[in-house]
Structures are given as structure tokens and as C-alpha cells.
1. How charged is the neighbourhood of B:Pro37? Take every other residue with its Cβ under 14 Å from the Cβ of B:Pro37, and add Lys/Arg as +1 and Asp/Glu as -1.
2. Could you check the spin-label model distance between B:Asp128 and B:Thr75? Points 7 Å from the Cα along Cα→Cβ, value in nm.
3. Report the net charge of residues surrounding A:Pro72, where surrounding means a beta-carbon distance below 15 angstrom and charges are Lys +1, Arg +1, Asp -1, Glu -1.
4. With runs of 4+ DSSP H residues as the only contributors, calculate the mean residue ellipticity of chain B at 222 nm using -39,500 (n - 2.57) per run, divided by the residue total and rounded to the nearest 500.
5. Hey, with R₀ at 25 Å, roughly what FRET efficiency would A:Phe73 and A:Ala30 work out to, going by the Cβ-Cβ distance, to 0.05?
6. Of B:Lys26/B:Lys100; B:Lys105/B:Lys136; A:Lys25/B:Lys20, which pairs sit farther than 23 Å apart, going by alpha carbon to alpha carbon?
7. Can you tell me the FRET efficiency between A:Phe54 and B:Trp149 if r is taken as the Cβ-Cβ distance and R0 is 30 Å, rounded to the nearest 0.05?
8. Which of rounded, prolate or oblate describes segment B:69-171 when judged by the alpha-carbon gyration tensor and an a/c cut-off of 1.5?
Amino acid sequence: MFYIYNNMMYNRIKLLRTERGLSRKELADAVEVNFQTIGYLERGDYNASLELAFKLAEYFGVPIDVAFSPRPFKLLSQELAAKRAADQ
Amino acid sequence: MFNVKSWDGLKIKEGHLSQKSIRRMKFATAMAAFSFPLIIFQSYLPDELIYNGVSGAVFMGVLIFLAICFLVSLTFVFANPFIMRLSFPGKYLDEWEIQKSQDAKSFALCWMSVLMLIAVFTLFIIPDFIGGITVKTGFIEDIFWTLFWLIITLPMLHFIWNLTPLNSDEA
């Protein structure tokens, strides 16, 4: 069922950014926003517009639902374990 | 050609979003917003409270202190890139700034509507129904200047008081 919790979108921007060793400023420059927008977005204090969400997903080369979700994300380790179990 | 987007003096830097910086801005905007009405409306205090021996000297001291605070905080507030950005057209702002700017302006509009209604009722409508009420000369102008000042400062107050610190160690 589709349900938006507290009118908030969850995201993995911080994870994707640190994975690539980028600073907030570098990521902000790449998607043409200011660094504080990235900071508040990562913290969940701000919901990105559809345009910015697509820009970020495109920049990281991931489908948009990998970076943004209306439901809280599972831990990456849990997802990997679940995927491994499914593969076996 | 002058390009407001690329002018470094108007860019928000990480230091501006530290807890200390935000606390300073909150204090300065509150001082700038409320000291002006206090200075204006001191003349409506009963005469026996003012210019009466020691209490008069204390009162003058407080007034001078308020005036200095007002000027200092005003300089600080208007030199701040956050506040400057509130007055920029949307094309120079990114989406977070546009949203914050719109929230601040909506907040100010709501409060100004309420304050204007109160002012109109108390100054023009109520005295029409209740006879014998006279206002001091210049009172309406003072109300006007206070409301005018609040139009400018209420968005600033909303913007700054809703900012949360963004630590650089989160980067």
C-alpha cells in the first residue's frame, strides 16, 4: 500500500554521497543547488522537488526509488543479507 | 555584468549555519524587530514614569541602550546573506531558499493581516461607536511606522528562528 509517513520522503543521499567521497558542496554544485539544501535534504528537514530528486538520482546513476522513498529505508546490510538469502 | 548568483558576498557559507552564528542572528533579528516599536511607543508611557528624578535617568539610559542595540542589530541583520537572500527574486535562489522565503513571507502576511485588522478596529471603528475616545497626535503615524517595520522584520524573524544548525561534521 502506498502511504506517505508524516508527509516526508526518506532518502539515501548521504549514503550515496559518502560512498563516492563527495562533499556537500561538490554534490550541490553538481546538481546546481546550495550546500545547505543538500544538508537539510540529507537530514530529512527538507523534501526535494521532483526535479532535484531526478537530478540526484541521475547524478548517482541509480533509479529514483533507490535514492528516495516514502517509507523508511531498510538498513543496507539487511537488504544485502536478504538479497544473498534470496540468491541462495 | 554584475551577477548576483556568483557574487561571493551574498553566498551562504557553512559558518553561517553553525549553532553560534544562528543564535547570534536570532538575537540580532529579535532586537532589530522589537527595539524599534519599543523606542516609538515609549512616548506613550504616562508622564509621571518619565523624566522623574532617578527613574527618568534610568529610563533615558534604557532608551539610549535600546537605540544603540537597534542600530547595531540592524547593521548585523542587513549585512547577513540569509536576510539579503529573502529579498532576492526567486530566479537567484535555489529551491530550499525559495521555500523558506515563501514560508517567511506567508507568515508575515498572516500576522500583518491580523495586526492591520486590530489596528483598523481600535483606531477607526471602535472610536466611532464609543464616543469620547481621542488618540494622541501622531499615534496613527506611529502605528503605521510600526506596522511598516514589522512587514520588513517579520519574514526575517520567521526565516532565522526556523533555521536549524547544520554542522560541518555532518558533511
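1. Details: positive: none; negative: B:Glu141, B:Asp142.
That works out to -2.
2. For the pair B:Asp128/B:Thr75, the computed spacing is 4.7 nm.
3. Working: positive: A:Arg12, A:Lys14, A:Arg43, A:Arg71, A:Lys74; negative: A:Glu42, A:Asp65, A:Glu79.
Net local charge, A:Pro72 excluded: +2.
4. Values: 6 runs with 108 residues, N = 171.
Result for chain B: -21500 deg cm²/dmol, rounded to the nearest 500.
5. On the way: r = 22 Å, r/R0 = 0.89.
According to the calculation, E is roughly 0.65.
6. Working: B:Lys26/B:Lys100 16 Å; B:Lys105/B:Lys136 32 Å; A:Lys25/B:Lys20 21 Å.
Checking Cα-Cα distances, B:Lys105/B:Lys136 exceed 23 Å.
7. Working from the Cβ atoms, E equals 0.10.
8. Values: a/c = 3.21, a/b = 2.32, b/c = 1.38.
In terms of gyration-tensor shape, prolate.
FYI, it's all coordinate maths here, none of it is from the lab. Model, not experiment: these values are computed from the prediction. For neighbour counting, all protein chains shown are included, and Cβ atoms are generated from backbone atoms with ideal geometry for every residue, glycine included.
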